[in-house]
Amino acid sequence: MLITLKDVYKIYGEGLESEVRALDGVSLDIDYGEFVAIAGQSGSGKSTMMNVLGCLDIPTYGDYFLAGKDVSELSDKQLSHIRNKQIGFIFQGYNLIASLNAVENVELPLIYQGVSPFDRRDMAMEALERVGLAGRAKHLPSEMSGGQQQRVAIARAIAAHPPIIMADEPTGALDSKTGQEVLGFLQQLNREGSTILLITHDNGIAATAKRIVRLSDGRIIEDHAQEVDWT
Amino acid sequence: MKLGQAFKMAVKSILAKKGRSFLTMLGIIIGIASVMTIVATVDGYNRKMMEAFEAQGTNKITVSLSLNSGESGFKKIYDYCMGIEEAIGVTPSAEMEGTIKYGAKTSDTMEWKDRPRVVLGSDQYSLCSSFTVARGRDLCSLDIEKYRQVCVLGARAAKTMFDYADPLYQNLMINGVPFQVVGVYAEKDANSGYSMDSVVVLPYTATRFLPNADNGNSGECVVKVRDSQSINKVLTSLQAYIDSLTQNGERGWGYAWSEQQWQEESNSMLTMISVVLGGIAGISLLVGGIGIMNIMLVTVTERTREIGIRRAIGAERSSIVTQFLVESAMICGVGGIIGIVIGYGGTNLAGKVLFEGMSLYPSPTITLEAFAFSVSLGILFGMYPAIKASGLQPVVALRSE
Ligand SMILES: Nc1ncnc2c1ncn2[C@@H]1O[C@H](COP(=O)(O)OP(=O)(O)O)[C@@H](O)[C@H]1O
Ligand SMILES: [Mg+2]
């Protein structure tokens, strides 16, 4: 198994009256090469789950094994390396650095991998080409449309060719045509072998995934696999 | 992450906020410029004084001994010094009123600053006064013993009396008595007005031919000591010897002193002053450093989201620390360089105004130290903000607006 969650809780303000159980006893297995949609209404705990799965946040209770390793036993440095090399993040709301242009944003994960400046530029340009934005390499995020920024964020996630892609509402802010393009993209990466976690509140989009995990109030209320036709 | 990358990032971030970066630097600029001016001025002045002092010959003790019995004070000191291992030379150093003539030239009509001076010395005069012979020969012990009428000229005296003519083996008339020039000393002190190089050195025994001259009993003489460590030892034993001869003033009069003592005292005085002034200026550096810390904290807060993104994408804590440390070190380093440039001007100005146009510049050591100090200041005061930045949890930082 690539990912194993065992009875994971994420509780904000535990013991207080305002206690929020963003994850309320979640157990989940995800294998290599899957394409999983994590669906659910806003506030159901999807982003919290991605933060835990992406080693950005620590569960309050429960165990998380990534590729067989107990994440709670890893050092901050090891977690940084996992985020850097194993996972490509596409955040809700792009999260590009405003002072850096497109290609510099795409280069970020490569910088922290210690890739040499020339190779870095090549790899970043290649990623931008894949998302069709090579022509905008020198533009700042503020000079691009939402769809273009989202594609820069995708380019950044794939630039280092990580085996896992985690995308939080990647189509949320896009019109349906651009949204379809982004989906097609993730499907292509999955065909090439990447494991994809797609987070969405949109049932139509969730329906295109090979497996759907539905959250409600921090609990898994549905988990099923399906045949898909991605042509 | 490589350090070069952190440098690029720092340059970019500093240039993105030029005005703010400059204002932050201002504290460092003022601090470094003032500390540098103070320290470099005192240091430069000390060095110049040391040079002037060394030109006159170091490791010297001046002794004066005059005995009521009429015995030669110099002879007593000379004999006594023969028994002291550290004393390597003794010479009288009495100056004598005298008119020097060569051809139509006479020292009486010369301007005071050009006028050659008649000095009575022994064969060790050049050793004691750090002269070297440029032409001809030095005085020798036979000149003294045999009452030879010879003299050796300082470079400037030779120039004044002979111009382009060759002084060797010419006769100078001193108070109407002929003395043959047998040597010329090398130039020692080209700049000073009252030049060491204006001497005309006669064997001290020549007083026999010079009726008006002091017969050498004044006992004014110079003892050359092997090294500076020996000065105090020799000084003490000479003083004790003089006291035993004069019986504390009853049978004569005498003293021994060394310019080096005075020099050391004056040096330590100046160093004290520079420490006090430098300390006051140092406070402005401290204030500047706190300013850096303040601005770096603001920067970290402003860039919390950026830090979150970098951490989420795989930056280690140490990479974040490096990024912000390099940035604050660079602000301080650039401020330091500007401060150093101003400090050069300040030191030069201080030399002109305080020390009668002396041209002073900070030494390379002080310059390097000032730069290293400003960079360390940046690292020191950037440490807390940088560590604070690196301690942010990725999720928390990402969620901030
Ligand atoms: N830092 C936090 N402090 C308190 N409550 C939080 C925090 N982050 C998320 N929550 C709460 O946890 C629940 C799940 O949030 P989230 O995972 O962002 O939902 P989703 O992404 O599905 O919209 C929500 O009720 C939200 O208010
Ligand atoms: Mg969300």
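Readers should treat all values here as calculations from the given coordinates under stated rules, not as data from a laboratory. Please read all numbers here as calculations on a predicted model, not as lab measurements. Every residue, glycine among them, receives a Cβ derived from its backbone with ideal geometry; neighbour counts consider all protein chains shown.
Of note:
- If both residues of a DSSP beta bridge must be in chain A, then about 55% of such bridges are antiparallel.
- Evaluated over the stretch A:1-138, the Cα radius of gyration and Dmax, each in Å: 17.7, 55
- Violating pairs (Cα-Cα greater than 31 angstrom) within the set B:Lys105/B:Lys188; A:Lys10/A:Lys138; A:Lys77/A:Lys177; B:Lys76/B:Lys159; A:Lys10/B:Lys2: A:Lys10/A:Lys138; A:Lys77/A:Lys177; B:Lys76/B:Lys159; A:Lys10/B:Lys2
- Average Cα contact separation per residue, the stretch B:60-226, under 8 Å, 6 or more apart, as relative contact order %: 37 percent
- Magnitude of the charge dipole for chain A, about its Cα centre and with charges confined to Cβ atoms of Lys, Arg (+1) and Asp, Glu (-1), is about 600 debye.
- For the stretch B:231-327, convex hull of alpha carbons as volume per residue, Å³: 138 Å³
- As computed over the protein assembly as shown, the Cα convex hull volume per residue (Å³): 246 Å³
- Inter-site label distance for A:Ala134 and B:Trp262 at 7 Å from Cα along Cβ, in nm: 8.4 nm
- Of the residues B:Ala312, B:Gly278, B:Ser141, the one whose Cα sits farthest toward the positive end of the charge dipole of chain B, with +1 on the Cβ of Lys and Arg and -1 on the Cβ of Asp and Glu, is B:Ala312.
- Restricting the GluC sites (Glu not before Pro) of the stretch A:118-192 to loop positions (DSSP other than H, G, I, E, B) with no more than 10 neighbouring Cβ atoms within 10 Å leaves A:Glu192.
- Most positive-pole-ward Cα, A:Leu53, A:Tyr64, A:Ser18, against dipole of chain A from beta carbon charges: A:Leu53
- Taking the average, over residues, of other Cβ atoms within 10 Å as the packing measure, peptides B:348-360, B:232-244 rank B:232-244, B:348-360 from highest down.
- For chain B: relative contact order, % (alpha-carbon pairs under 8 angstrom, 6 or more apart): 28 percent
- Assigned charges on the beta-carbon of Lys, Arg, Asp, Glu; the protein assembly as shown dipole about Cα centre (debye): 1020 debye
- Inter-chain Cβ neighbour count for A:99-110, averaged per residue, equals 2 (cutoff 10 Å, partner chain atoms only).
- The GluC sites (Glu not before Pro) of the stretch A:2-60 that DSSP puts in a loop, and whose beta carbon has at most 16 other beta carbons within 10 Å, are A:Glu14, A:Glu17, A:Glu19.
- In this simple spin-label approximation, B:Ala372 and B:Tyr147 carry label points 7 Å from Cα along the Cα→Cβ vector, and these lie 6.5 nm apart.
- For residues of B:301-312, the mean tally of beta carbons on other chains within 10 Å: 4
- For chain B, a simple Cβ point-charge model (Lys and Arg +1, Asp and Glu -1, everything else neutral) yields a dipole of about 2200 debye relative to the Cα centre.
- When you count the other C-beta atoms within 10 angstrom of each residue and take the mean per peptide, B:332-338, B:41-47 line up highest first as B:332-338, B:41-47.
- Counting, for every residue in A:44-55, the Cβ atoms of other protein chains within 10 Å of its Cβ and taking the mean gives 1.
- Counting all C-alpha pairs of the stretch B:60-226, share separated by more than 21 Å (%): 44 percent
- Tilt relative to chain B, helix B:231-246 - C-alpha long axis, 0 to 90 degrees, to 10: 40 degrees
- Most tightly packed first, judged by the mean number of other beta-carbon atoms within 10 Å of their residues, the peptides A:199-206, B:99-106, B:85-92, B:19-26 read B:85-92, A:199-206, B:19-26, B:99-106.
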